[in-house]
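Working notes for the structure below.
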């Protein structure tokens, strides 16, 4: 009997989804999860908006709470101009949040664990906020790289540093989310694999002992729930901060 | 804003595309996420962009304005109710103030009326007392005059009785009486007693 090995990375393997049609257009299993996330959002809003009650029911309260949470985040961090960016931030927030949370279900694919997915969103935020900066301030937006109140002779040193730190924004933004989600899922898989290995090698004693990795996995799920919400929040709030920099230049 | 969104999506799509394609030239990594030779890694980005754009339009044009309208309506309703409550309170306050003013003026009026009535009654009583005193004084004066008259009448009768009595006594004792001396003696006796 070959000893089972832990294959923690195969869970991130992309396959095609939606049957032969999906295969024809390279529609992947991660895109399937994205569609499910969009469907959940649409259904939640459809139910929440159906009654339009003055005193909201549960689902309407949930939808309103999300709305007010993200709206507050936009207005608090960007200022009054944040209302224009609110749909964008909301889209990013719920998309990442649902991706993170859905990924925690067994056999579900966590699309936020793909570096290309997070990099696409981070690059979009980066390019968009830079575009907003140039759109609002014109070429004066370049002064963003010149810190206020710094002696002139230090500028040749500081401006490149500012510029590099600005350029590193999409990298840190994408890698933070990707690494958090990947690490969480790898750990869950590893501890689950321990249970199989223990049972395979130690028999009945191993089956009893695998209660330890099981307990660890239960704790990890709680941690991953926190991480899932936190990373969605971090991504959204950093988006807000970058937009704030673009709008206010400081 | 819309144009900016579109430009940014296109630019980042192009950037990711070129990054992925350039990565595809390298050897396959052990991590499926880093395996850029897999065409699914690029295609999932294309579908990601399509799905995100659809989600953005659904949220921006239908879902979020709907929730915003509900929240605005609720805020407006609450504001209207608050305003109505404030107006009702102001009205009630005004009514209370009016009531208190009415009570105060009524009390003042009643006090004034009472003072007026008291004054009138006092004046009346004083008048009556004065009247009574005057009639009593009159009666007293009349009675005193009557007494004085009666007394004068009685005084007039004393002298003849005294004269007659003296004459009789003197006649019994000595015989004849001297009329003139008797008259003088009586006058003296009467004036000594203050009865002349």
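Taken together, the values in this text are just the output of simple stated rules run on the coordinates, not laboratory data. Every value quoted in this text rests on a predicted model; they were computed, and no experiment measured them. Here the Cβ positions follow ideal geometry from the backbone for every residue, glycine too, while neighbour counts run over all protein chains shown.
Assorted remarks:
- Cα convex hull volume per residue for the protein assembly as shown (Å³): 454 Å³
- Between the helical axis of A:82-103 and the longest alpha-carbon principal axis of chain A there is an angle of about 10 degrees.
- Sequence of A:244, A:137 once ranked by neighbouring C-beta atoms within 10 Å, starting from the fewest: A:137, A:244
- Likely footprinting exposure, A:130, A:182, A:199, fewest C-beta neighbours within 10 Å first: A:199, A:130, A:182
- For region B:133-190 versus region A:67-123, the inter-centroid distance based on Cα atoms is 145 Å.
- Calculated P(r) of region A:141-190 - Cα pairs past 13 Å, %: 67 percent
- For a label point 7 Å along the Cα-to-beta-carbon line of residue B:188, residues of region B:150-175 with backbone N under 17 Å: B:163, B:166-167, B:170
- In Å, descending, principal axis extents of the Cα set of region A:1-69: 63, 33, 21
- Isotropic mean projected area of the C-alpha convex hull, chain B (nm²): 33.6 nm²
- For region A:1-124, the fraction of alpha-carbon pairs in successive 5 Å shells from zero, as %: 2, 9, 14, 17, 17, 15, 10, 8, 4, 2, 1, 1, 0, 0
- Calculated SAXS-style log₁₀ I(q)/I(0) at q = 0.16 Å⁻¹ - region A:15-248, Debye, Cα scatterers: -1.18
- Under the simplified labelling scheme, the residue A:43-residue B:124 pair shows an inter-label distance of 9.6 nm, with each label point 7 Å from Cα along Cα→Cβ.
- Helix A:29-51 axis, angle to chain A major axis (alpha carbon atoms, nearest 10°): 70 degrees
- With the Kirkwood sum run over all distinct C-alpha pairs, region B:151-193 has a hydrodynamic radius of 10.8 Å.
- Diffusion of region B:2-90 by Stokes-Einstein, at 25 °C in a medium of 0.890 mPa s and with Rh set to the Kirkwood radius over alpha-carbon pairs, works out to 143 µm²/s.
- Residue B:37 versus residue A:21: modelled label distance in nm, points set 7 Å from Cα along the beta carbon direction: 3.3 nm
- Neighbour-count order for B:132, B:5, B:10, A:173, fewest beta carbons within 10 angstrom listed first: B:132, B:10, B:5, A:173
- Crossing angle, helix A:155-202 versus chain A [Cα axis fit, 0-90 degrees, rounded to tens]: 10 degrees
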